[in-house]
Amino acid sequence: MKKTILILMTVFTAAAQAQEFKQVPQITVSGEGKIKVTPDYAIISIGVENTGADAAEVKKKNDATVDAVIKYLKGFKLPASDYQTKQVYLHKNYDYTKKKYSYVASQQISITLKDLSKYDTMMMGLVDTGINNIQGVEFKSTKVAQFESDARKAAVADAKTKALDYASALSQKVGKAIMVSDNSQTHYPVPMMYAMKAGVAEDAMPRETLAIGEIEITANVTISFSLE
């Protein structure tokens with residue numbers, strides 16, 4: 001009797017496993033949603049650097065320029081929360097040819113400009129303060145989250161359309177989604193890089209120097225649908 005019960009349990013277990021691993025007819029497709037957005041603000045990284053034989057002197061020169069930058073930004077009515085010191089360093093170098101030490105003082109400041117129409121005016125003023133480096137300008141949008149959601153929906157719709165096309169060719173119907181895999185990306189415009197020399201004349205600076213470009217928001221999705 002016990003042997004019979006054991007055999008029956010084994011049969012039921014095997015049947016349950018076979019049912020569990022029964023493959024569901026399905027189709028796997030990819031979809032893409034792409035949206036291009038015009039940036040509405042920029043993050044600008046500027047810097048000042050001085051080199052000399054005396055550490056205190058090069059730091060003093062840097063501090064004077066940074067002080068002028070901060071005063072200018074305040075006068076430009078830029079909120080204090082929109083600019084921040086990102087890096088400060090004082091480095092000692094040794095010239096083996098001249099057998100002398102030199103010092104490099106540097107400071108970087110990140111500025112968030114929310115009104116892009118003021119870009120050229122602000123940059124001209126910053127050049128006058130004595131900055132000699134613009135490390136980069138990165139364009140962003142305050143509505144990225146909203147557009148990312150729209151791109152994801154467009155990607156799903158694209159995948160569903162493909163699935164319907166394949167299913168129609170196979171004389172079948174598309175069922176529920178079984179698996180969804182997301183691989184979305186946001187591509188920002190490539191930052192513009194500049195190197196500036198102290199003492200650049202104002203009339204030598206171009207007045208239209210901003211190429212905003214577009215932010216490309218792409219959503220890529222892979223979806224497996226059941227086939228009926």
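The values are calculated or read from the model by the stated rules, or taken from the named source; none is laboratory data. Since we're looking at a predicted model, the values are computed, not measured. FYI the Cβ positions are ideal-geometry reconstructions off the backbone, even for glycines, and counts take in every protein chain you see.
Just a few scattered comments:
- Number of the condition not met by Ile46 [criteria: (1) under 30 Å from Ala155 (Cα atoms); (2) buried (at least 16 other Cβ atoms within 10 Å of the Cβ)]: (1)
- Members of region 111-125 found to be under 18 Å from Gln87 (Cα atoms) and surrounded by 18 or more Cβ atoms within 10 Å (Cβ to Cβ), listed by number: Ile111
- Residues (hydroxyl-bearing (Ser, Thr, Tyr), touching a residue at least 40 places away in the same chain (Cβ under 8 Å) and assigned to a strand (DSSP E or B)) located in region 76-119: Tyr101, Ser102, Tyr103, Ser106, Ser110, Thr112
- The residue that is modelled with the lowest pLDDT, among those in region 84-110 that are under 28 Å from Glu216 (Cβ atoms) and surrounded by 12 or more Cβ atoms within 10 Å (Cβ to Cβ), is Lys86.
- Residue within region 155-175 that is of a type in the set (Ser, Thr, Tyr) and surrounded by 18 or more Cβ atoms within 10 Å (Cβ to Cβ) present: no
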